[in-house]
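Comments concern the structure below.
The values are calculated or read from the model by the stated rules, or taken from the named source; none is laboratory data. Source: prediction; values computed, not measured. Every residue, glycine as well, gets a Cβ built from its backbone with ideal geometry; the counts of neighbours run over all protein chains shown. SASA here: full protein model, heavy atoms, side chains in, ligands and nucleic acids out. Shrake-Rupley method; radii C 1.70, N 1.55, O 1.52, S 1.80 Å.
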Amino acid sequence: MKTWLRSFLNLLPPRLTTRIMLGMTAIVILAGLVTTFAINQILARSLRQELDNSGHAIAVSLGESLANPLLQGNLVSIQEALNNMMATNADVVYIFAYGPNTPIVHTFPDGFPRDLLRLLHLPGGTHGTPILLQSEMGIVRDFVVHPLDGVPAEIHLGISENRILVEQRAVTLIVLSLTALGCVLAAGMTYGFSRLATHPLVEFTQHVQRMGQGRLDERISISSSDEIGELAQAFNHMADEIQSAISKLSASEAGYRILLTAASDVGEGIALIADAGREAGNLLFVNETFARLVGYNITDLIGMNIASILNPHSVEIAYEMWELIRSGAQHSGASELILISRSGEHRVIETASTRIEYQGQPALVWFTRDITERKMRERELRIRNRELAALNAVAAALSEPFSPDFLQRGLREALQALELNIGWVTLISADGKSEIAAQEGLDSLSVRSEFPDCVCGEVFHSGQAALVDVNERCTMQAFCATSSEMKMRHATVPLWAGGGTLGVLSVAFEVSHPFDEHNLRLLSAIGRQMGVALENARLWEELRQKEQLRSKLLARSLSAQEGERQRIARELHDATGQSLNAMLFGLKAAEAALASDPTQVRIIIERLKSAASEAVRELQGIIYDLRPSLLDDLGLLPALRWYAETRLEESGIRVTWRVTGAERRLPSEVETALFRIAQEAMTNIVKYTRAQQVQIEFSFEAQQITLQISDDGQGFDIESVLVQRLQDGRGLGLLGMRERAELLGGRLEVSSEAGKGTRVRVRLPLSIEGKEGSNE
């Protein structure tokens, strides 16, 4: 929070007066905005309550006046009442009466909106609680009344909230105007007060500037008791402390030599080196620690040139350090140098230098610390880290053993870790044949392998890593023949896994290249990783094949069950469901007629008996359609001819047939799928298309069967039907037909256009692959 506030203040103007003015203005603006928001909320709540009360009263009154016309079915009187209500109430934007599943009368000039049908299924809209709708005219509050008890009729009244918005804008303009006036007054008053408060700070700043110019005796004589006075007292105290510290610093200069001598007690070696005249580079002073470090006595070192105890490369580094100090740097920073002791032993030291005056002449102070043992431990640690990093890189490359190039990526990472360019991986298959599975740096055209009839084969059989010279049976022989100037060797390690040795990993290098035991140990570890990855890859492939087989068996079982359930559900929805809904509506009408007109009950019951008979007939047809016996006894074409006669021709639709190719019996699952698809297509023709003529075409081919059903009906918009299935269930038949075709590896094409008929074409393969996942 403090960091954010500090960043915000840095963005403000530097003058304190300006900051205070901006702060007060911001407070006034914030208060105005909060006030505007609060007033708007209170006003809106009050106006909405008033609007709800008025809308509910109007809706109830309108419902009472329309009860009798609704009961009598007098649509003209209802429409006139709605128009009069619209004319006398400016806030009313629409009124409509809604009967069972359809609008009866409305005031929409461009027709009843389809999207408004969704509100009929929304909760709310009773006991004075409106439904909020977003429309082109803004937010509309929809009030619902039920004018007749026991009759499913509703009166919907929509009242716009635009009047509330107009009132809110007017109030907002007034409050914001007052806020702007308050900002001007606050800025003027703040400027006057801030000028009075900041005047002492200007005087204080002048005193601080004079002290910064070196006048340490500068003091401030402000005697006020406020915050400015406290700041002046703190400044005077700081000036006293600075003078005292300078005096102490001058007194401590005489203790430098004692400090240099005492540094030996904590393991620091210190040497003074002449930096001018003929003695430049000679030692002027050393402590006991430095003398023990180089193996000399202190008296022997005085006057000795520093270059005689430094490694030649370290001499250059030391001179660069001292040149940096001579150019103006306070000290050289830490550097590592190599000292040569009296016995010839090399010691690694960490050094830092600075320049001082010693006995009237410039000298370099050299601080040293022996870090030889630390460097040895760091070297071992680097080797371990290098091995770990290499193993991690190889492990990352081998982390996806099901990838086809995982061995190539692992080999590349191994060569990069060993700083080599040539390597290969040789595997032994289950039948004993060798294969170079991955290689880097070798010409793939010249690679040949007599593995395991070579020295590398001994590594495969024994499981022990080895360094191998190139011979006539070696994989490297062809490569070395093209590079006669290079004398090569290679290291080979086994690829071992829990099941045994799977192959070998080899890397090649020149004889002059140092390949020590650390490299061989690292290569062996990489070989073990590759072996485990190979084993994992083989296990993964076995598991994948088993999982594919299990998935296919499960898919065939589940799809057979689910497909039959979906078909029955679709047929019940399209046939029996509609009849039952009609009967339910008739029962409600009979119930209402008992109270209003009992003479109509007998007529309604007669219609219900007819609807019940129709539902029974449709249900019997669905039961028979579950599995027509003609399909099993005579085949697909006779079954479809019978179905077309009973469904299409009895409905007055003329059917023509066209069969090409040699007619024959097809696999059971193919015949069932084609029959169900044709059955759905004919059902849709009877229900929706108003067709006069239908053409059914069969094409028998060697590898596939094609069925096409075309009609001359009114057609439809395919996309809109598929979208409506999410709302009212339409389009399920098309989806079911497509699913049946795709389960057998086929394809369904439906083309239609308004006024130009519909064509359904399905192609099913007759190969074994096309039958995977089939169902009846």
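The residues of region 342-380 that are open to solvent by 60 Å² or more (accessible area, probe 1.4 Å), in contact (Cβ under 8 Å) with a residue 40 or more places away in the chain and basic (K, R), listed by number, are R342, R355, R369. Every listed requirement among (1) of a type outside the set (A, V, I, L, M, F, W, C); (2) open to solvent by 40 Å² or more (accessible area, probe 1.4 Å); (3) touching a Gly at 6+ places or on another chain (Cβ under 6 Å) is met by Y94 save one, (2).
For region 324-341, which residues satisfy the criterion of being closer than 17 Å to N305 by Cα and open to solvent by 40 Å² or more (accessible area, probe 1.4 Å)? Spell out the reasoning first.
Taking region 324-341 as the starting set, the residues that turn out to be closer than 17 Å to N305 by Cα are 337-341.
Result: I338, I340.
For region 152-178, a residue qualifies if it is closer than 17 Å to L133 by Cα, in contact with a helix residue (DSSP H, G or I) (Cβ under 8 Å, 6 or more places away or on another chain) and not in a helix (DSSP H, G or I), and the qualifying residues are I155, H156, L157, I159, E161.
Counting the residues of region 163-183 that are farther than 27 Å from V93 by Cα and open to solvent by 100 Å² or more (accessible area, probe 1.4 Å) gives 4. In this structure, does L427 turn out to be part of a loop (DSSP other than H, G, I, E, B), modelled with pLDDT of 75 or more and surrounded by 13 or more Cβ atoms within 10 Å (Cβ to Cβ)? The answer is no for L427. Being free of Cβ contacts under 8 Å to residues at least 12 places away in the same chain and in a helix (DSSP H, G or I) is a description that does not apply to T36.
Every condition in (1) at pLDDT 85 or above; (2) loosely packed, with under 14 Cβ neighbours inside 10 Å; (3) not small (G, A, S) is met by W642 except one, and the failing one is (2).
Taking every residue in region 669-698 that is farther than 17 Å from G746 by Cα and hydroxyl-bearing (S, T, Y) and pairing it with any residue that is modelled with pLDDT under 90 and assigned to a helix (DSSP H, G or I), at least 6 positions away or on another chain, the pairs with Cβ-Cβ distances below 9 Å are T683/E571; T683/D574; T683/R647; T683/G733.
Kindly establish whether S225 is at pLDDT 70 or above and either exposed (fewer than 12 other Cβ atoms within 10 Å of the Cβ) or within 30 Å of L133 (Cβ to Cβ) (or both). Walk me through how you get there before you give the answer.
Numbers: at pLDDT 70 or above: no; either exposed (fewer than 12 other Cβ atoms within 10 Å of the Cβ) or within 30 Å of L133 (Cβ to Cβ) (or both): yes.
So S225 fails the test.
Scoring N53 on the criteria (1) closer than 18 Å to T88 by Cα; (2) without any contact (Cβ under 8 Å) to a residue 60 or more places away in the chain leaves a single failure, condition (2).
In the condition set (1) at pLDDT 70 or above; (2) open to solvent by less than 90 Å² (accessible area, probe 1.4 Å), N421 is compliant with all but (2).
Which residue is modelled with the highest pLDDT, if the candidates are limited to region 729-776 and must be small (G, A, S) and touching a Phe, Trp or Tyr at 6+ places or on another chain (Cβ under 8 Å)? Walk me through it before giving the result.
Start the filter on region 729-776 by keeping residues that are small (G, A, S), which leaves 729, 731, 733, 736, 741, 745-746, 751-752, 754-755, 757, 767, 770, 773-774.
Now narrow it down to the ones that are touching a Phe, Trp or Tyr at 6+ places or on another chain (Cβ under 8 Å): 752, 754.
Numbers: S752: 87, A754: 82.
Among residues in region 729-776 that are small (G, A, S) and touching a Phe, Trp or Tyr at 6+ places or on another chain (Cβ under 8 Å), the one modelled with the highest pLDDT is S752.
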